[in-house]
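The values are calculated or read from the model by the stated rules, or taken from the named source; none is laboratory data. None of these values were measured; they are calculated from a predicted model. In this analysis, Cβ positions are derived from the backbone assuming ideal geometry, glycine residues included, and neighbour counts consider all displayed protein chains. Keep in mind that these areas ignore ligands, DNA and RNA; they rest on the heavy atoms of the full protein, side chains included. Shrake-Rupley method; radii C 1.70, N 1.55, O 1.52, S 1.80 Å.
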Amino acid sequence: MEAPGQALLSVRDLHASFHTDAGVVKAVDGVSFDLRRGEVLAVVGESGSGKSVTAMSLLGLLPSPPARVSGQVLWKGRDLVGLAEPEMRKVRGAEIAMVFQDPMSSLNPLHTVGRQIAEVVRLHTTSSKRQAWERAIEMMDLVGIPQARRRAKSYPHEFSGGMRQRVMIAIALACDPDLLIADEPTTALDVTIQAQVLELLQETKERTSSAILLITHDLGIVAGMADEVLVMYAGKVVERGPARDVFYRSRHPYTLGLLAALPRVDDEAADNRLRPIEGTPPSLIHVPSGCSFHPRCSFRRLETCSVDEPPLAAHGGEAHRAACHFAEDVVSVAPADLQRSVPSAAAAAPGP
Amino acid sequence: MAGSILASATAEAGDLAAPALDGGQRDGVLQRVARRPSGVVGLLLTTFVGVVSSFSGWIAPGDPFLLGNPALLPPSGGHRFGTDNLGRDLFRAVVHGMRTSMTVVVWVTVISAVIGITIGAVAGYRAGVVDRALMRVTELFQTIPRFFLALLAMSLFEPTLRTLIIVLGLTSWTLLARVVRAETLSIRTREYVESARAAGGNDVHILVHHVLPNILPTAIVVISLGASRVILLEAGLAFLGLSDQDRMSLGFLINNAQQFLEQAWWMSVFPGVAIVLAVLGINLLADTFNDVLNPLLRREPAGARGSILRMPGGEV
Amino acid sequence: MSAGYLARRLLGVVPALFGVLAVTFVLVHAVPGDPAVLLAGEAATPDRLEEIRRDLGLDRPLPQQFVTYAANVARGDLGVSISQGRPVNAIIAERIGPTLLLSGTALGISSFLGLLLGLVGARRPYGRFDLVVNTASLVGYALPAFWLAQMAVLVFAVHLGWFPLLGYTDIRRELTGFDHLSDVGYHLALPALVLAASEVALLARVTRTGLLQELGRDYVRTARAKGAAEDEVLNNHALRNALLPVVTLLGTRVGFLVSGAVVIEAVFSWPGLGSVIVTAAQQADRITMLGLVLVVAVGVIFANLLTDLLYGWVDPRVRHR
């Protein structure tokens with residue numbers, strides 16, 4: 001157990017790269033953050049920003065080769081990077097558990113769900129087959145699957161999407177982990193089911209005083225759940241801080257763009273289509289010089305932004321940091337202003 | 001080969017930007033095939049076999065059945081592959097046997113490709129009742145092993161090269177039809193096909209100009225693997241004595257070698273090696289094609305990749 | 001397995017059987033001239049021709065002829081062999097044993113070795129062992145079985161003397177009981193290995209590719225995230241999923257195995273259906289040929305049925321459909 005007040009998980013200068021025929025892909029490039037018990041940290045970014053790879057490298061789940069991971073992942077004071085496989089396996093599933101995006105493909109189609117939940121119990125405890133099975137039923141009950149005893153004998157294809165994700169969560173929670181990594185846990189689900197699953201995650205966290213690392217591209221989810229937010233772009237952290245600060249006083253143009261792309265429920269008249277940030281995510285082999293976001297940025301000044309890489313500097317308090325040369329200009333702009341500048345969203349409501 | 005696994009491993013590892021991995025894929029398919037060792041060997045072997053059978057009359061002139069040399073001569077300067085029990089020159093026999101083999105392969109491939117692509121494309125494009133009926137017929141043809149059907153036909157009809165070609169041609173299209181159907185099914189609902197239909201394009205035009213170009217890469221792999229099986233089939237039938245008696249055949253030569261194995265190894269070794277080279281060459285080419293086309297196929301739905309893997313499973 | 005699934009599979013056999021009969025029937029009637037003369041040969045006596053016409057009901061309209069033909073086959077009456085003057089079903093019954101023994105043994109050897117090699121190869125993809133197996137299977141798949149058989153005889157029987165040259169048993173010795181069995185096994189080894197060779201090549205490749213594909217799937221990632229060791233991931237999760245296509249493949253290979261067995265038998269003088277076919281071919285004994293094709297086709301149909309049932313047993317998604 002970690003010392004009181006100390007972070008449960010402390011990541012320092014994490015790098016993950018893939019060596020391919022086409023060159024070295026730097027998927028994660030110097031990421032650092034802390035996570036305490038009872039906290040929810042959201043990692044947000046477009047696909048390709050390195051958020052999933054960050055999660056996978058915490059657990060040592062990246063295939064190596066071609067992946068290469070360096071830096072520090074301090075888990076309860078112990079560095080997980082370079083930890084021997086047998087030791088690492090004791091952490092996976094027991095202390096740190098993971099919930100994945102697509103609950104259909106993430107469950108083995110040939111095993112009953114009960115067996116898949118019991119498996120993780122058997123891996124990490126000395127329980128008998130019967131005890132593990134009972135634990136599986138208990139977990140299914142806990143995550144709100146009706147008639148758990150009967151349904152434990154069913155196969156994944158006999159469940160709905162939402163129920164399958166509950167099974168995934170039951171697997172993750174079966175060994176009472178201290179940290180739950182949820183990688184896009186609701187992306188594949190209907191909106192109403194999404195809310196239920198998020199609520200389940202929130203409840204669990206409160207009951208077990210564990211921590212959650214929530215990986216998502218959906219800022220709507222983040223707003224409701226996260227204490228801290230980490231925004232990633234091209235493998236780097238471009239902004240981080242308390243959720244409230246990052247949302248209401250964004251200091252990075254990319255964060256602002258993500259917020260502007262959010263469909264707005266309070267705004268019936270506006271065009272509700274997602275407005276993706278203009279341009280495409282950069283190639284991770286040939287990352288742009290200077291600030292990697294500059295080719296897509298509307299605040300850029302070429303002579304500065306294409307040359308110097310901005311440091312992740314503190315703005316308005318130690319906790320809130322952003323990597324932008326013009327962070328002070330950004331903070332004066334509300335996401336709604338960005339929307340207003342686009343003709344199709346002319347009737348945008350005032351910013352929050 | 002190594003490239004594709006790396007790409008898939010990295011792609012599966014997380015949300016990497018796909019464009020980053022697609023560098024260096026702009027070249028044509030042939031160039032990419034020629035860059036792999038297996039592709040080079042396959043190309044060389046296939047070209048070699050093709051040249052030898054095309055110019056057999058010039059490389060080894062004369063009647064391959066001609067007797068008159070001393071019997072059972074080991075390979076030497078005069079008779080590079082030696083002679084058989086009746087004094088036939090084995091070099092000439094093997095070269096002409098390769099020609100027979102290639103004649104059968106080319107014709108059977110053309111016939112079965114036309115039937116297979118037509119049936120598969122129509123079934124996949126029309127879907128519904130037509131599809132079900134055509135697939136039933138295809139399954140039926142898959143039930144009777146080709147080998148036995150050919151045996152039967154060769155004994156019922158006159159055992160000529162033409163009979164053999166027709167029988168094999170009429171029975172070798174089933175796998176191709178199934179693969180083409182699966183591909184067509186997935187293509188027909190795509191936007192450009194739908195819009196071509198909405199614009200009132202006629203079905204034949206849509207099939208030829210929109211569907212066919214898209215199924216061609218997969219079809220080529222299936223067709224070439226099928227061709228290599230036909231070589232083995234022809235040799236096997238000839239080995240059992242069911243072939244055109246007027247044409248020299250590699251299978252016939254190997255059958256003839258059976259009684260003389262202990263005295264004259266060359267009677268079996270050279271025709272056998274000729275078959276292996278021809279089959280291996282085509283297999284290597286098909287394999288490399290598959291590897292090269294795979295990164296593209298992996299993104300297709302309907303298990304396009306799985307069907308490629310199962311291709312060698314088509315029975316003889 | 002649901003009763004519905006079972007029933008549907010069993011019913012699915014009927015049209016296949018009907019189709020096989022139809023194809024053979026059409027083939028016989030597609031040849032110009034009198035089918036009786038075609039089947040019995042030019043040299044047949046008028047009595048014999050009359051007998052065949054009566055058996056096949058050749059004086060009646062075609063649909064009725066087909067019914068007669070189908071009924072005969074259903075009763076197990078495949079006609080009387082022209083070259084041997086005995087019922088074809090008796091000839092087949094007498095010779096089918098060694099062929100089944102040979103192809104069954106080869107199927108067993110190839111399933112075991114193919115899976116094993118594929119599994120070991122997938123453990124370290126692109127490692128040295130994997131490359132050797134990959135190359136070997138590419139070459140193995142290009143070898144004509146009958147030629148490989150001759151080469152095997154040349155090396156292992158003629159030069160090294162490890163195996164007998166040919167035959168089913170040692171005819172010089174009268175062996176009984178266990179000695180007889182071990183003698184058959186000794187004679188069986190080389191032909192079975194040769195027949196299995198190209199199958200091993202194919203199965204190893206399909207198993208390896210299937211496993212590698214499965215190892216990249218999401219549920220495997222889940223298993224790893226649970227803390228399962230790589231061996232457990234492979235054996236408990238990936239293997240069973242990778243076996244599904246292999247099972248299907250095995251079913252489709254039965255026809256190929258029997259075809260291969262028939263050809264190889266000629267090299268080893270194995271007293272199975274192969275020799276029946278060679279004689280029938282040489283003597284234009286078309287009735288025997290027809291009977292053989294029917295028996296093999298029916299065998300393949302039932303092998304496929306077995307595969308389907310096996311598949312349903314392994315895969316709950318199919319079973320519940």
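One table, with the values for the structure above:
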{"read-out": "Spatially proximal lysines relative to A:K90 (Cα-Cα < 20 Å; intrachain offsets below 8 disregarded)", "value": "A:K76, A:K129, C:K226"}
{"read-out": "Surface per residue (accessible, 1.4 Å probe) for the protein assembly as shown, Å²", "value": "43 Å²"}
{"read-out": "Residue-wise HN-Hα coupling along region A:33-44, computed from phi with Karplus coefficients 6.51, -1.76, 1.60 (Hz; x: Gly, Pro)", "value": "6, 10, 9, 9, 4, x, 9, 10, 10, 9, 10, 10"}
{"read-out": "Selection from C:P15, B:T109, C:L239 lying farthest towards where the dipole of the protein assembly as shown points positive, charges on Cβ", "value": "C:P15"}
{"read-out": "Dipole magnitude (debye, nearest 20) for chain A, charges at Cβ of Lys, Arg, Asp, Glu", "value": "1020 debye"}
{"read-out": "Residue among A:P109, B:L212, C:N304 farthest towards the positive dipole end of the protein assembly as shown, charges placed on Cβ", "value": "C:N304"}
{"read-out": "Phi-based couplings in Hz for region C:110-121 (Karplus 6.51, -1.76, 1.60; Gly and Pro marked x)", "value": "6, 4, 5, 5, x, 5, 4, 5, x, 5, 5, x"}
{"read-out": "Total accessible surface hidden between C and A, rounded to 100 Å², 1.4 Å probe", "value": "2200 Å²"}
{"read-out": "GluC sites (Glu not before Pro) within region C:1-89, DSSP loop, no more than 15 other Cβ atoms inside 10 Å", "value": "C:E42"}
{"read-out": "Charge dipole magnitude, Cβ of K and R +1, D and E -1 - region C:3-74, Cα centre, debye nearest 20", "value": "520 debye"}
{"read-out": "Dipole magnitude (debye, nearest 20) for the protein assembly as shown, charges at Cβ of Lys, Arg, Asp, Glu", "value": "600 debye"}
{"read-out": "Listed residues A:L302, A:L59, A:L214, most fluctuating in chain A (Gaussian network, C-alpha, under 10 Å)", "value": "A:L302"}
{"read-out": "Loop trypsin sites (Lys or Arg not before Pro), region C:71-149 (other Cβ atoms within 10 Å of the site Cβ: 14 or fewer; DSSP)", "value": "C:R75"}
{"read-out": "Sparsely packed chymotrypsin sites (Phe, Trp or Tyr not before Pro) within region C:144-211, loop by DSSP, other Cβ within 10 Å at most 16", "value": "C:W162"}
{"read-out": "Selected from C:A157, C:G57, C:G251, residue furthest toward positive end of dipole (chain C; charges at beta carbon)", "value": "C:G251"}
{"read-out": "Fraction in percent of alpha-carbon pairs per bin - 20 Å, the protein assembly as shown", "value": "12, 36, 31, 17, 5, 0"}
{"read-out": "Number of partner chain Cβ atoms within 10 Å, mean per residue of B:251-261", "value": "3"}
{"read-out": "Distance between region C:105-165 and region B:243-261 - C-alpha centres, whole angstrom", "value": "25 Å"}
{"read-out": "Candidates A:T192, A:T304, A:T216: whichever shows maximal mean-square fluctuation once chain A is modelled as a Gaussian network with Cα springs under 10 Å", "value": "A:T192"}
{"read-out": "Separation of alpha-carbon centers, region A:1-74 and region B:56-106, rounded to whole Å", "value": "68 Å"}
{"read-out": "Packing-based ranking, highest mean first, of B:33-40, C:245-252 given that Cβ atoms within 10 Å are counted", "value": "C:245-252, B:33-40"}
{"read-out": "Nitroxide proxy distance, nm - points 7 Å out along Cα→Cβ at A:A84 and B:A133", "value": "6.9 nm"}
{"read-out": "Distance (nanometres) between label positions extended 7 Å along Cα→Cβ at B:V40 and A:L262", "value": "5.8 nm"}
{"read-out": "R0 of 25 Å, Cβ-Cβ distance C:L116-C:H320: FRET efficiency to nearest 0.05", "value": "0.20"}
{"read-out": "Whole-Hz ³J(HN,Hα) from phi, Karplus 6.51 cos²θ - 1.76 cosθ + 1.60, for region C:82-88, glycine and proline x", "value": "6, 6, 10, x, 10, x, 5"}
{"read-out": "Shape call, chain A: gyration tensor on alpha carbons, a/c limit 1.5", "value": "prolate"}
{"read-out": "Rounded to 5, the percent of DSSP beta bridges in the protein assembly as shown classed as antiparallel", "value": "65 percent"}
{"read-out": "Three-way shape call for chain C based on the alpha-carbon gyration tensor, with the a/c threshold at 1.5", "value": "oblate"}
